[in-house]
1. What is the sum of charges around residue 19, taking Lys and Arg as +1, Asp and Glu as -1, for the other residues whose C-beta is under 11 Å from the C-beta of residue 19?
2. Compute the helix-to-body angle for 76-87: its Cα long axis versus the longest principal axis of the chain, expressed 0 to 90° and rounded to tens.
3. Counting Lys and Arg as +1 and Asp and Glu as -1, what is the net charge of the other residues whose Cβ lies under 12 Å from the Cβ of residue 243?
4. Excluding residue 49 itself, calculate the net charge of residues whose Cβ lies under 13 Å from the Cβ of residue 49, where each Lys or Arg counts +1 and each Asp or Glu counts -1.
5. Can you tell me the equivalent ellipsoid semi-axes for the range 1-79? Use √(5λ) from the Cα gyration tensor, largest first, whole Å.
6. Counting heavy atoms of the protein chains only and a 1.4 Å probe, report the per residue accessible area for the chain as a whole number of Å².
7. Need the full-extension length gain, residue 80 to residue 242, defined as separation in residues times 0.36 nm minus the C-alpha distance. One decimal, nm.
8. With a 1.4 Å probe and all protein chains left in place, how much of the accessible area of the range 126-223 comes from carbon and sulfur atoms, in whole percent?
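The values are calculated or read from the model by the stated rules, or taken from the named source; none is laboratory data. A quick note: this is a predicted structure, and the numbers were derived from the prediction, not measured. Virtual Cβ from ideal backbone geometry, glycine too; neighbours counted across all protein chains shown. Areas reflect the complete protein model, heavy atoms only, side chains present, ligands, DNA and RNA absent. Shrake-Rupley method; radii C 1.70, N 1.55, O 1.52, S 1.80 Å.
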Amino acid sequence: MNRHLLCFGFGFSAQALARRMAARGWQVSATSRSKDGRAAISAAGAKAYEFPAPLEAFADVTHIVVSAPPSDIGDPVLMAHGEMLCRIAPRIEWLGYLSTTGVYGDKDGAWVDEESPLLPDTERGRKRLAAEQGWLKLHEACGLAVHIFRLAGIYGPGRNQLVSVLDGTAKRIIKAGQVFSRIHVEDIAGVLEASLEKPSPGRSYNVCDDAPCPPQDVVSFAAEFLGAPVPPAIAFEEAALSPMARSFYSDSKRVSNRRIKSELGYRLLYPDYRAGLTSLAMQARLLPQQEAPSGAVTTDDDLHP
């Protein structure tokens, strides 16, 4: 049976999933509003469509991932294609909407799981929650096989604290009690792949690793790993941050990933930031493997996700 993944948005996470599915022989297509974006999709070997997508884009689609962020007026994919998706719902085996753990709001460092109250306290979190609710209403209205994935802070090749340490932009910002969860982009793709092979429409999943921690710990590890000076501590109140960066510090919580393990049977490639950054360093040849710090994970799986 031909399987066709259509990606609405072709960012970091969608690209990681697309590579996996293309390697398995799937047909992959994606949308972008911009000419440069469509050129990047084509360069990745996928079929490119302008957004909103033309009718032909839906011809033989079986799976869909939505990673485009909501706008001030709502979810762009729902607004442009909700009616079409309802019409073709019987043949859509799986639709994944990529949301954020920001929908839980601030929990003062406490644990949350998928059953925790959704009380976002940032505008970005409120928009994501509204989008989640819109997609789930479509599931209820016409049986579209919607799945919600709440992603923690994403890192991966070219987007990690090793890079920021090397380019001199890393900051160790200290805010008392601040805790973040994070996830390697290849584990995002792995969770999505596990879900599309085991659909459970209407279900939500937290996508994060096993080790929520203060953000300054990750920067310190990256610097020490590289043998670089550890950036000086900066009090949050004194840090020069953009409004977007500052908003990330308004939420502090530990996010449970129990459901992706118990229901999807997923085993993390990178269970904590040490494993993930060690692997990224090896891939980028930033440090010889034999010089990896004791306790760092350097298995073949980590080096070749």
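1. Numbers: positive: 20, 24; negative: 186, 193.
Its environment carries a net charge of 0.
2. Taking Cα atoms only, the helix is inclined about 40 degrees.
3. Neighbour charge sum, excluding residue 243 itself: +1.
4. On the way: positive: 33, 35, 38, 47; negative: 50, 56.
Once all neighbours under 13 Å are counted, the net charge is +2.
5. 19, 14, 12
6. Numbers: 13740 Å² over 305 residues.
Accessible area per residue: 45 Å².
7. Working: separation 162, 0.36 × 162 = 58.32 nm, distance 3.13 nm.
Taking 0.36 nm per residue and subtracting the Cα distance, the gain is 55.2 nm.
8. Details: 1770 of 3380 Å².
Heavy-atom surface of the range 126-223 belonging to carbon and sulfur, 1.4 Å probe: 52 percent.
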